[in-house]
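Notes to accompany the following structure.
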Amino acid sequence: SGAAAGLTDLAGRSVVVSAGGTREYLDPVRFLGNRSSGLQGYALARAAAARGAEVTLVAANVSLPDPAGVKVVRVETTAQLREVVVAAAAAADAVVMAAAPADFRPVDVSTHKIKKAADGSSPAIELTQNPDILHEISTQRSRPGSVIVGFAAETGDASGSVADLARAKLARKGCDLLVVNDVSGGAVFGSPDNEAVILAADGATVDVPHGSKGALAHVIWDEVARRLQD
Ligand code: CTP
Ligand code: CA
């Protein structure tokens, strides 16, 4: 991989990586969130910087130190993540969406802390769907020839196997590569390791054996680098 060869194959390239999980606030102190640690996104940012890229890391609620030589922009909500990623994607050679944006957000955000009702009743939370950032940047590209990468954790269900669902998701999103984790055996959050299959829109499939998130990051950049044009 690029790491072993000490390549600078991303020199002169500008890349954007998103990491972590977004929070959707109910009131000033409470939110709906998820367990994404940001480790894979940070490994991607470090690997790209090591290969010479100019890296913007958009971090959603990650408690990890800023990687050296990387521009870090911190966000909390999916709306903020979208704003920063869409703006940065316009001039980027590659974008990797390793973040886990919340799929839904509360319709109403209370400006004051929600209190328990005197009658013991519980509030209902109405949700609305968040915009799909990966779909937006993949289908409205201002930089032709850019490479856009998504992630998916799938278990397979009655409607299809992990491979079927992943191929369908790749087509639906319109991205160039989809990094698929089979989490049928139970998702592992915050693990230093990962194992994945990379599906390409050009039909290729790359199996990445169990290894560190840094090793997976380098295989992803190998696949991105060889698809970058001019
Ligand atoms: N993604 C995104 N914007 C969203 C949701 C997801 O950009 N609002 C990106 C993720 O960062 C990831 C990819 O889309 O790279 C796939 O995320 P996933 O949650 O698997 O896709 P969804 O379309 O939300 O499908 P699902 O119903 O399976 O959660
Ligand atoms: Ca989702």
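Observations
- Residues in region 43-72 that are closer than 21 Å to Glu24 by Cβ and under 14 Å from the mean Cα position of the chain (by Cα): Val58, Ala59, Ala60, Asn61, Val62.
- The condition (being under 21 Å from the mean Cα position of the chain (by Cα), at pLDDT 95 or above and within 16 Å of ligand 2 (Cβ to nearest atom)) is satisfied by just one residue among Glu136, Glu83: Glu136.
- When Ala43, Ala4, Ala49 are checked against the criterion of being at pLDDT below 95 and in a helix (DSSP H, G or I), a single residue qualifies: Ala4.
- Being open to solvent by less than 60 Å² (accessible area, probe 1.4 Å) and of a type in the set (Phe, Trp, Tyr) is a condition met by no residue of region 175-196.
- Residue check, Arg141 surrounded by 18 or more Cβ atoms within 10 Å (Cβ to Cβ), among the basic types (Lys, Arg) and either in a loop (DSSP other than H, G, I, E, B) or at pLDDT 90 or above (or both): no
- Candidates Thr8, Thr22, filtered to the one that is closer than 29 Å to Pro106 by Cβ, of a type in the set (S, T, N, Q) and touching a residue at least 40 places away in the same chain (Cβ under 8 Å): Thr22
- Output for region 54-70, where each listed residue is among the small types (Gly, Ala, Ser), more than 16 Å from ligand 2 (Cβ to nearest atom) and open to solvent by less than 10 Å² (accessible area, probe 1.4 Å): Ala59
- Tally of residues being surrounded by fewer than 19 Cβ atoms within 10 Å (Cβ to Cβ), part of a loop (DSSP other than H, G, I, E, B) and β-branched (Val, Ile, Thr) across region 71-93: 0
- Residues within region 197-215 that are under 24 Å from Cys175 (Cα atoms), in a strand (DSSP E or B) and open to solvent by less than 50 Å² (accessible area, probe 1.4 Å), tallied: 6
- Cβ-Cβ under 9 Å pairs, at least 6 apart or on other chains, region 99-123 side open to solvent by 70 Å² or more (accessible area, probe 1.4 Å) and assigned to a loop (DSSP other than H, G, I, E, B), far side more than 16 Å from ligand 2 (Cβ to nearest atom) and of a type in the set (Ser, Thr, Tyr): Val109/Tyr25; Lys116/Ser122
The values are calculated or read from the model by the stated rules, or taken from the named source; none is laboratory data. Treat the numbers as computed from the prediction; the structure is a model and nothing was measured. FYI the Cβ positions are ideal-geometry reconstructions off the backbone, even for glycines, and counts take in every protein chain you see. These area figures cover heavy atoms from the full protein model, side chains too; ligands, DNA and RNA do not enter into them. Shrake-Rupley method; radii C 1.70, N 1.55, O 1.52, S 1.80 Å.
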